[in-house]
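Bear in mind that the values in this text are calculations on the coordinates, not laboratory data. A quick note: this is a predicted structure, and the numbers were derived from the prediction, not measured. Ideal geometry is used to build each Cβ from the backbone, glycine not excepted, and the neighbour counts take in all protein chains shown.
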Amino acid sequence: MSYTPIKRPKFSLADRIYIVAIAKGLCRTFKHLVLALTRRSRHREDFNSKGIGLCMPFPEQRWDERLPEYYRGAPTLVRGEDSRERCVSCQLCEFICPARAITVTPGEVDPASPCAKQEKAPKEFTIDMFRCIYCGMCEEVCPEQAIFMSQEYLITLTDRDKGIRDKETLYKLGGVRKGLVNKWNDHK
Ligand code: SF4
Ligand code: SF4
């Protein structure tokens, strides 16, 4: 097996004694302390924060409106515009998932479908939300753009059985994604 050795970076004296890094961290903490005590924290007005510093009165007020486009919530499966399952059960996401949260059982496409002889579809597809760490690697690796990180962040699991999301649930959460499946497009 071939491999490429990676050279370790050389650390300066300042890096090695940590004092500069510790001082920088303390300065930043102190800066935020002063901003909080003088009620000048960033986005204070946006969040209508009434206490010292920046506090959001959750759950009355939520992040929903303010989530950035790139926010990674729970992973979901999506269908194409023609309602076809985009997932071809290649199992790359299952392989890459560091938390081993995904289980894919490959299956066949409905014989009545126009793409029955071209592609496969998952027979079963589950994501264990007790294991998922929202890393987004499944989305990154999927060659079919079939799995996407949603903006769902309020996931409170009160029942162990409900923590494992099956294919139907994942499609319901993901919905339909428009646009061609360009396997090597700019976003991949
Ligand atoms: S987001 Fe990460 S941990 Fe969660 S299912 Fe995808 S690869 Fe696995
Ligand atoms: S979601 Fe994507 S990576 Fe995962 S099995 Fe389906 S096609 Fe493959």
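When residues in segment 21-49 are screened for being out of contact with any Gly (no Cβ under 9 Å at 6 or more places or on another chain) and small (Gly, Ala, Ser), 4 of them pass.
For segment 71-86, the candidate set comprises residues that are of a type in the set (Ser, Thr, Tyr) and over 9 Å from the mean Cα position of the chain (by Cα); within that set, the residue that is surrounded by the fewest Cβ atoms within 10 Å (Cβ to Cβ) is 83. Tallying residues that are out of contact with any helix residue (DSSP H, G or I) (no Cβ under 7 Å at 6 or more places or on another chain), farther than 21 Å from residue 178 by Cβ and away from ligand 1 (no atom under 14 Å from the Cβ) within segment 119-148 yields 2. The residue of segment 87-100 that is surrounded by the most Cβ atoms within 10 Å (Cβ to Cβ), among those that are within 12 Å of ligand 1 (Cβ to nearest atom) and closer than 11 Å to residue 143 by Cα, is 93.
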